[in-house]
1. Name every residue in segment A:7-26 that is away from ligand 1 (no atom under 16 Å from the Cβ) and in contact (Cβ under 8 Å) with a residue 60 or more places away in the chain, in order of residue number.
2. Which numbered condition trips up residue B:477, out of (1) touching a helix residue (DSSP H, G or I) at 6+ places or on another chain (Cβ under 6 Å); (2) at pLDDT below 95; (3) assigned to a loop (DSSP other than H, G, I, E, B)?
3. Considering each of A:256, A:278, A:228 in turn, give the residue that is assigned to a helix (DSSP H, G or I) and either in contact with a helix residue (DSSP H, G or I) (Cβ under 8 Å, 6 or more places away or on another chain) or assigned by TED's automatic domain parsing to the domain that holds residue A:68 (or both).
4. Does segment C:52-86 hold any residues that are closer than 30 Å to residue A:79 by Cβ and over 26 Å from the mean Cα position of the chain (by Cα), and which are they?
5. Since residue B:109 meets every condition but one in (1) out of contact with any strand residue (DSSP E or B) (no Cβ under 9 Å at 6 or more places or on another chain); (2) part of a helix (DSSP H, G or I); (3) in contact (Cβ under 8 Å) with a residue 40 or more places away in the chain, which condition does it not meet?
6. Considering each residue of segment B:398-443, count those that are outside any strand (DSSP E or B) and within 28 Å of residue B:284 (Cβ to Cβ), and give that number.
7. When you scan segment B:264-348 for helices (runs of 4 or more DSSP H) that lie fully inside it, which ones turn up with 2 or more residues that are over 30 Å from residue C:77 (Cβ atoms)?
8. Can you tell me which residues in segment C:44-69 are more than 9 Å from chain B (Cβ to nearest Cβ) and within 27 Å of residue B:323 (Cβ to Cβ)?
Ligand SMILES: [Mg+2]
Ligand SMILES: [Zn+2]
């Protein structure tokens, strides 16, 4: 931060994240909610806004939206739908059915892994638009195009818009917020949350001010298509605003477009030409009043959330709760598996490392029986195999979807050699290269490598590097 | 050829009893249409081939002993704002001229299953906005009782079709009186059911919180029959009421013994003297039939017109925004999409539709919402509360349907406010979401028919049909 | 009124704007009668019949035929609806 804005200045950021829900069908009709199909094949009278078509709310979309609300510690309340009126060719009815003054979820929060709490103002249901492709012109972009083609497959796909409070103070916090939110959405099965496919989309409201003074005028940044781009866009925008203020200018409230290739934002539209949406209650729908029983059932079925799973895994393995191993395993959903290795009598700390290194391609519930991994961790702990040998055995177990590690080690000739045998190899090494031994005794750490290498070669790799080092250090005294 | 009965009930009975074929019935009606619709212009489209095919299917089903439904072989005319698969549905607008919906409205599916035979799509005020059927891109419909006069509107084509004998029954839609007022002006029965009783799925929306489909018929029994068929829960319409439909035909024969009939003592003035006189006679007839007349007040009724002409245009401005030249219907050519929108909508919509879109856009726009739309919703509540108090004392309320009998063409079309006043007695029911029906009851100026309106609380169709049946039986002198 | 026409995407000639404005002014004039009402304690009525929680199961229904739909479109290309260049619109 310090290099971004000078001392005494502060970045203020709030995020609006749109996520497409993982339903089978659309928010208000029965055509499929499916990405990547042939254009205009997932369409029905409601999706196309045909005259006479009427919306009917998808129960599963409500359920997933409630899951999101509960996972973000929101209050679920009776709610209504409004029409947001504006013209755009990919908006079939010329209004979007959304939630306005009475959204489903309000007043929640999300805790970043570092412990910072970001408020969640609301998380409401609304429908997605279709997709426009701009044809012709030099750049293939909207400006200078000759015409546009519209595909309505995405129109009517259920969205939840999650609006944070302006509690974010750094671009890193913004990135953490989005990746933690994404982890939550995946864990609760609400969305596949793929930013690259647009099933998770992020707008950032950014302003800067001198600490202690009121917030500055904010700009909304759109078209941020990755977590990395989000950080860059926020930093660019904060610096742009600071530079304007410092050179005596003022910030106009406007919507700006992030151009990832150019690494800058530019004006999309100013507040003055913002549309008048003429919100009013959607007369074709009735209020949604989730009863206590429904809310309780959704709450009961909510799986353990990533933060709780990370701390459970960290506690069990002794690893750093903010470390990469813990977060990677929880993201893959393999934390239950790691813990099951412990239940099978294995060493969970070693299991954490094994799974992180060798199970990247495995599903959340890997094919390998946890007892096989448990057995291998015990063999390594008891020095029946070296860590290098353990890695080889592990790779074979994963390839075969399981296997007895002892048998595999034996087949590979990995039977343990005892310390006295290693002592013999050490004697041979010192005798073979007294020069290296002398240097080692004089404190030249580099010389140890040569000695260890000779022992490993003589033992055909069966000696445990750690044991060799320990013997050498002991001999030197 | 057999003598074709004039009512839907008698036709269905005769066809089911194999006394005549559905084909004979439909040929008779197509003949009457061919003879006279050139003068009346009730239809935007006569679906003769489709009708003949449907009649053949009914006849084949009867021959094979299959169940053909309660409307077997009954010709029916459909207001041209209900979607019919593969058959043009225009809303009498250039915007949708030639548009063929890829799906059927729920009422169409239901009627087909009941064995009804659609003979055509009827004319209306463009997008159902009007009270005279003069605002049609396909020319006005003339009143069959006096072709120099309007049939009322917006369902003028459906009312005229029944009055002219083109079909024994038809469907209209009623947002502020669009079934009841033309029924009164054409001397037929018209029913606006409780909001939510009949599915709106496939009805091209004008004002979603007010629109309701209902029948026209020559008898109260036929109106009850059609209402029974088209009413019922539809999972495709979120505002559809999940309740079984009671027997309305039985109610229509039950009489009014012991019923309490509300007379509104503070009714907004403006009815022609003959209209007021027929209403008094209706009260007298019901009293004679065993009902009791009770006085009720509806003090907020005088604000209903104001609330309606803010709420309906506001919803319409949003409902009609989808006509943008992108996916279906008219497109005017222009250099860019925004220009295309403005040009398409200017070319596709008539003046009354534009007026209401402007009014509604204004009422919803930033800074005006609270003063107009927000206030209108509160007035709507006042009116509903008034009715609730009235229905604590009375089972139904009686009032005129239209303040005047059928008026000559051009009388009001350039003075929106005087046209809007046609709906002064019909609008309150739409705001409350209640049912109401218009029953012909004698004549007024120029010997033209007068309708008496029976209003009932939500889901009060049984009481409404009891009174409607009694009024018909008492028979105002025609 | 010109602003309202723009919001509603209705190209209305200046001469017609005047005509419309006069007509609408008359209608709005009539609306003044509600100004006298004290509505502060009145809850807005937004629904004619009190239903809540009308929901549908998350089950696929048949889709419309793309060719039939695109055949009815003013312009289509490559399985999609074609529109003139999109400029001067919000995104
Ligand atoms: Mg937003
Ligand atoms: Zn949104």
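1. A:8, A:9, A:10, A:11, A:12, A:21, A:22, A:23, A:26
2. All conditions are met except number (1).
3. Numbers: A:256 fails: assigned to a helix (DSSP H, G or I); A:278 fails: assigned to a helix (DSSP H, G or I).
It is A:228.
4. C:57, C:58, C:59, C:60, C:61
5. Exception for residue B:109: condition (3).
6. 19
7. Filter on segment B:264-348 gives B:273-288, B:304-319.
8. Across segment C:44-69, the qualifying residues are C:61, C:62, C:63, C:66, C:67.
The values are calculated or read from the model by the stated rules, or taken from the named source; none is laboratory data. Quantities reported herein were computed from a predicted structural model and do not represent experimental measurements. All Cβ positions, even for glycine, are placed from backbone atoms using ideal geometry, and neighbour counts span all protein chains on display.
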